[in-house]
Structures are given as C-alpha cells and as structure tokens.
1. Is at least one residue of the stretch 79-94 within 15 Å of the ligand (Cβ to nearest atom) and among the basic types (Lys, Arg)?
2. In the stretch 126-177, what residues are charged (D, E, K, R) and either in contact with a helix residue (DSSP H, G or I) (Cβ under 6 Å, 6 or more places away or on another chain) or on the phi > 0 side of the Ramachandran plot (or both)?
3. Of all residues in the stretch 28-63, which are among the acidic types (Asp, Glu) and within 15 Å of the chain's Cα centre (by Cα)?
4. Six or more apart or on different chains, Cβ under 7 Å: which pairs go from a residue in the stretch 66-82 that's farther than 22 Å from Ala203 by Cβ to one that's buried (at least 24 other Cβ atoms within 10 Å of the Cβ)? Could you list them?
5. Is the stretch 99-116 home to any residue that is hydrophobic (A, V, I, L, M, F, W, C) and under 18 Å from the mean Cα position of the chain (by Cα)?
6. When you check Glu223 against the structure, is it among the acidic types (Asp, Glu), in contact (Cβ under 8 Å) with a residue 24 or more places away in the chain and more than 22 Å from Trp64 (Cα to Cα), yes or no?
7. Could you check the stretch 1-73 for strands (runs of 3 or more DSSP E) lying wholly inside it with 1 or more residues that are within 14 Å of the ligand (Cβ to nearest atom), out of contact with any helix residue (DSSP H, G or I) (no Cβ under 8 Å at 6 or more places or on another chain) and within 22 Å of His138 (Cβ to Cβ)?
8. Among the residues of the stretch 120-139, is any within 13 Å of the ligand (Cβ to nearest atom) and within 20 Å of Pro33 (Cα to Cα)?
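The values are calculated or read from the model by the stated rules, or taken from the named source; none is laboratory data. These figures come from a predicted structure and were not determined experimentally. FYI the Cβ positions are ideal-geometry reconstructions off the backbone, even for glycines, and counts take in every protein chain you see.
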Amino acid sequence: MEVVPQVHWLKAGYANVYLCVEEAGLTLVDSGPPKRADAILEYVTGLGREASEIRTILITHADWDHAGSMAALQARTGATIVAAPPTAEYLRRGRAPKHMPWPLSFVVDLIGRYEPAPEAALTTAPAGTVLPVLGELHVLATPGHTSDHHSFYSPARGVLFAGDALGTRSGKVSIAPDFITANRTAARRSARWLLRLSPELFACGHGPPLAASSASELDRLQEELGQS
Ligand SMILES: [Zn+2]
C-alpha cells in the first residue's frame, strides 16, 4: 500500500520491502526473504508499471530476510543492485554477517543463505552517496544490528528507510533486540543519530511504517538510548 505519496509498503512475509514509484523509474528498498519476487512483481504490475521499470534495488544489510529475493528480482528486471561496500562484500557471496549468539548464528548460517548478487549487476554506494531517488536519498552508515548496516534517508520527503537500525514492530519506534545485535554501543549510536534527523516517516525493516508520532515519545527513546 502507498504510505506516503510515491512510497509503497509491501509486506514480504517476515520483512518489509519498500517501493519508490517515480516517473524516472522504480526503486526497491530491500528485497524480502527468498521466494518473494513473484509477489513483489505482481504488486508492481498491479500499479500499471512494468517489472523492467525497476531500475535499482537498494539493500540495507546482507541478512537473508532483506537480500533473499534480490537475485531473483534482479534477473527479472535487469535492475542494478546498490549497496554500501561492506554489504556488497556479503551480497556477492550470498552470506549474512554474523550478529547472533550460538546456536542461533549456526542455524542462520545454515539456512540463512541466499542467492548471491551477480557481480555485473552490483554497484557500491558508500556512506555519503546521494542517490537520485525521492529528491535526494542519502546513504548513511548505521552499524550496530550488523556491522554492514546502512540506512537511506530523503530529507526532502522526510522518509527514513531504517532497515533494522530501528524497528516499529511494537507499533512504536524502537531498537532491535540486543540478542540479534552485533555491537550494542554502535547500534545505540546509530539509532540516536537517526532519531536526530527527525524523519516524518519511519520505514523500517520490520513492523508497519510509522509517521513520526509524538515528539515526546521519540525524546523518551532518545533518553533511553542515551542511558544505555
Ligand atoms: Zn531483518
């Protein structure tokens, strides 16, 4: 569904995918778990647009629930996969960075593989890059949940694609649980930084996208993060 003009939220099973719909072309933010390409492309054609209009697939971090359908979508659209260099390293191997305790990490490593990004379709965009999406889409390094994590922010539109640097599962903006966080200090630093941007829409990897709720609620979260 369209959550703000030109930004659509697609629930891809366990994780969220976002679709930016612009005249110049379509952009996906994350690709969902494996086997979600059909549903995503059906949604696109339902809007009266062609799969081949998807020009770019942005990936926030190389977890299987975010990169799982990347290769299938790329093969069917010809899109360029764009990710920050540390994420691209994992995407080329179809592997996720380690960020869970054993035995969870063992299981994830075993089943959490995904089809790698084809080298020819992969482009890197380091933190600081400004992409021509939603006005300007800034690539921000937001490590913590995983070491390679990046977020994408459109200051003009106030839309923050936070991946798993923030979540909205509980119906409010929160930080990912500690037990799936690679570096808790970095995760809190990243979250504080994202909150200071005062986005109007929190479009996170899990949970429904949220319009910035009361300022006091975000202040409370800032305070909570500041203390930990
Ligand atoms: Zn996730």
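1. No, the stretch 79-94 has no match at all.
2. First, the residues of the stretch 126-177 that are charged (D, E, K, R): 136, 148, 157, 164, 169, 172.
Within the stretch 126-177, Asp148 is the sole residue that qualifies.
3. If we filter the stretch 28-63 for residues that are among the acidic types (Asp, Glu), which is where we start, we get 30, 38, 42, 50, 53, 63.
Answer for the stretch 28-63, where residues must be among the acidic types (Asp, Glu) and within 15 Å of the chain's Cα centre (by Cα): Asp30, Asp63.
4. Short answer, once both residue conditions are applied: Ala71/Ala117.
5. So in the stretch 99-116, the residues hydrophobic (A, V, I, L, M, F, W, C) come out as 100, 102, 104, 106-108, 110-111.
This time we only want the ones that are under 18 Å from the mean Cα position of the chain (by Cα), so: none.
Checked against the condition, which is being hydrophobic (A, V, I, L, M, F, W, C) and under 18 Å from the mean Cα position of the chain (by Cα), the stretch 99-116 yields no hits at all.
6. Values: among the acidic types (Asp, Glu): yes; in contact (Cβ under 8 Å) with a residue 24 or more places away in the chain: no; more than 22 Å from Trp64 (Cα to Cα): yes.
Against the criterion (among the acidic types (Asp, Glu), in contact (Cβ under 8 Å) with a residue 24 or more places away in the chain and more than 22 Å from Trp64 (Cα to Cα)), Glu223 does not qualify.
7. Working: elements: 2-4, 7-12, 15-22, 25-29, 54-58.
Once the strands (runs of 3 or more DSSP E) in the stretch 1-73 are filtered for at least 1 residues that are within 14 Å of the ligand (Cβ to nearest atom), out of contact with any helix residue (DSSP H, G or I) (no Cβ under 8 Å at 6 or more places or on another chain) and within 22 Å of His138 (Cβ to Cβ), what remains is 15-22, 25-29.
8. Filtering the stretch 120-139 down to residues within 13 Å of the ligand (Cβ to nearest atom) leaves none.
The answer is no, given that none of the residues of the stretch 120-139 is within 13 Å of the ligand (Cβ to nearest atom) and within 20 Å of Pro33 (Cα to Cα).
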